[in-house]
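Here the structure comes first, spelled out in structure tokens, and everything after it is commentary.
The values are calculated or read from the model by the stated rules, or taken from the named source; none is laboratory data. Treat the numbers as computed from the prediction; the structure is a model and nothing was measured. So basically every Cβ, Gly included, is an ideal-geometry build from the backbone, and we count neighbours across all protein chains shown. We work out accessible area using only protein heavy atoms, side chains counted, and drop any ligands, DNA or RNA first. Shrake-Rupley method; radii C 1.70, N 1.55, O 1.52, S 1.80 Å.
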Amino acid sequence: MSLEPFQKSAALSLGVELELQLVNTHDYDLAPYAEDMLRLMAKIPLPGAVVPEMTSSMIEISTGVCRNASEVLGQLSQIRDALVKSADKLNIAVVGGGTHPFQQWHERRIYDKPRFRELSELYGYLSKQFTIFGQHVHVGCPDADSALLTLHRMSRYIPHFIALSASSPYVQGQDTAFDSARLNSVFAFPLSGRAPFALTWDDFTVYFDKMTRTGVVKSMKDFYWDIRPKPEFGTIEIRVFDTPLTVERATALAGFVQSLASWFMHEQPFMPTEDDYLVYTYNRFQACRFGLDAVYVDPATGGHMPLREHILLTMAQIERHATGMGAGASLHLLRSSVERGDNDARWLREKQGEEHLLAEVIRQAADRFRGGVTHQQYP
């Protein structure tokens, strides 16, 4: 198969996908209700899409193409409200977070869809362990070469994205000591990690053709990279975010991405190099393990500094672009969070410290996700 052409998209347009947990309201374990939820949601006219995911206790929502963070929030809120009302009818709840804190992977069921069955046959138990929940952010690029340039510039900020979105400290009932344990499950897949260092679409096409000739991949979907080009949409897709506990934080992360991309496209602040990736895996690990308390190694200088300081420095550099793109509120929400040393992983740990019961933490996280939607009891 040849690589499809890179489609036209509006530069700096946004699209957001969120993978969400479906839990019962008895013990707040995952519940296999994706099919029922999809049936109810299909009756409601909504922007974007609601689709199944790998296992039947997950659901994925996505916005349409948005111009700014305000449109993202409007669409996510509308879909969230419909999800919550549908879940109430089924007596289940919808929750954010990158992992379910105490689910047992072996109890999961693969959703009955040909691609998921095929992946299950290929990856075995890893497919059920892929019951993890991420946010993907698409940002529109004017052409294929600028998409690759933006992708490699964005790679320096992967630790920032991980620390700001981290919401998966618990796995199978244990505190992993990671802020984002979710990404450890992604790393197990053979085609995960970073994209190859190609700065032109011609060079990337040569790489893709070599890979397809080996028979290892058939399409871009087979790459589980942290950031990958999406030629069919004319975007790059950033995939390292844990799903946040609220749509407001998910929106803020999208606004942060858009502001960075605007800075890259308008000011060309630096040229990425292959050497950027010398510290890539180390920085990624630091952010997964320590969140906002991580150490960041600057790829350009080799200097070490607290990641939170580098995040605040970055926010100062892009503030003008954030204001111009209508993402000022996004930056403000995230900056306040960094100044407090506060992310969703910390919230989950604090709730567990108070409650000593992960099921109660999930109940409170479900309440947090529903925002202002009034709870309704159905007969």
State to the nearest 20 debye the size of the charge dipole of region 170-313 about its Cα centre, where the only charges are +1 on K and R beta carbons and -1 on D and E beta carbons. 480
Please give the charge dipole size of the chain, origin at the Cα centre, charges +1 on K and R Cβ atoms and -1 on D and E Cβ atoms. Round to the nearest 20 debye. 460
Enumerate the amide H contacts of GLY134 below 5 Å, restricted to partners 5 or more residues apart or on another chain; note that Pro and chain-start residues carry no placed amide H. GLU19, THR243
Taking protein heavy atoms only, a 1.4 Å probe, and rounding to whole percent, the accessible area of region 151-209 owed to carbon and sulfur comes out at 53
Proximal lysines relative to LYS218, as straight alpha-carbon distance under 16 Å, when same-chain residues fewer than 8 apart are discounted: LYS210, LYS230
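Can you give the charge dipole size of region 230-345 about its Cα centre, rounded to the nearest 20 debye, using +1 on the beta carbon of Lys and Arg and -1 on the beta carbon of Asp and Glu? Walk me through the numbers before you get to the answer.
On the way: 9 positive and 15 negative charges, 41 e Å.
Charge dipole, region 230-345, about its Cα centre: 200 debye, nearest 20.
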Which net charge results for the neighbourhood of THR200, defined as the other residues with beta-carbon distances under 11 angstrom from its beta-carbon, given Lys and Arg at +1 and Asp and Glu at -1? -4
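By how many nm would the segment from THR273 to ALA359 lengthen if fully extended, with 0.36 nm per residue of separation less the alpha-carbon distance? Walk me through the intermediate numbers first.
Values: separation 86, 0.36 × 86 = 30.96 nm, distance 4.60 nm.
Using 0.36 nm per residue and subtracting the Cα-Cα distance, I get 26.4 nm.
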Can you list the residues, at least 5 places off or on another chain, whose amide H is less than 5 Å from the amide H of LEU12, using H built in the peptide plane? GLY140, CYS141
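Show that you can apply the helix-only estimate: for the chain, add -39,500 (n - 2.57) for every DSSP H stretch of four or more residues, divide by all residues, and state [θ] at 222 nm to the nearest 500. Can you show the working numbers first?
Numbers: 14 runs with 173 residues, N = 379.
For the chain, the value works out to -14500 deg cm²/dmol.
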Taking placed amide H atoms and a strict 5 Å upper bound, the residues 5 or more places from GLU237 or on another chain that come that close are ARG228, LYS230
Once both labels are modelled 7 Å past Cα along the beta-carbon direction, what's the ALA316-GLU339 spacing in nm? 1.3
Take the chain, connect every pair of alpha-carbon atoms lying under 10 Å apart with a spring to form a Gaussian network, then pick out the residue of SER259, SER219, SER337 with the largest mean-square fluctuation. SER219
Could you please state, rounded to a whole Å, how far the C-alpha centre of region 175-204 is from the C-alpha centre of region 266-335? 17
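Ignoring any ligand, DNA or RNA, what whole percent of the accessible area of region 12-99 comes from carbon and sulfur when the probe is 1.4 angstrom? Display every interim value, and only then the final one.
Details: 1520 of 3060 Å².
Of the solvent-accessible surface of region 12-99, carbon and sulfur hold 50 percent.
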With every protein chain in place, the accessible area of MET211 for a 1.4 Å probe, in Å² rounded to the nearest 10, comes to 40
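Any idea of the accessible area per residue across the chain, 1.4 Å probe, to the nearest Å²? Don't skip to the answer; put the middle values down first.
Details: 15430 Å² over 379 residues.
Roughly 41 Å² per residue, with all protein chains present.
Hand me the GluC sites (Glu not before Pro) from region 190-295 located in a DSSP loop with no more than 15 other Cβ atoms within 10 Å, in residue order please.
Here the GluC sites (Glu not before Pro) that fit, given the DSSP loop and packing criteria, are GLU232.
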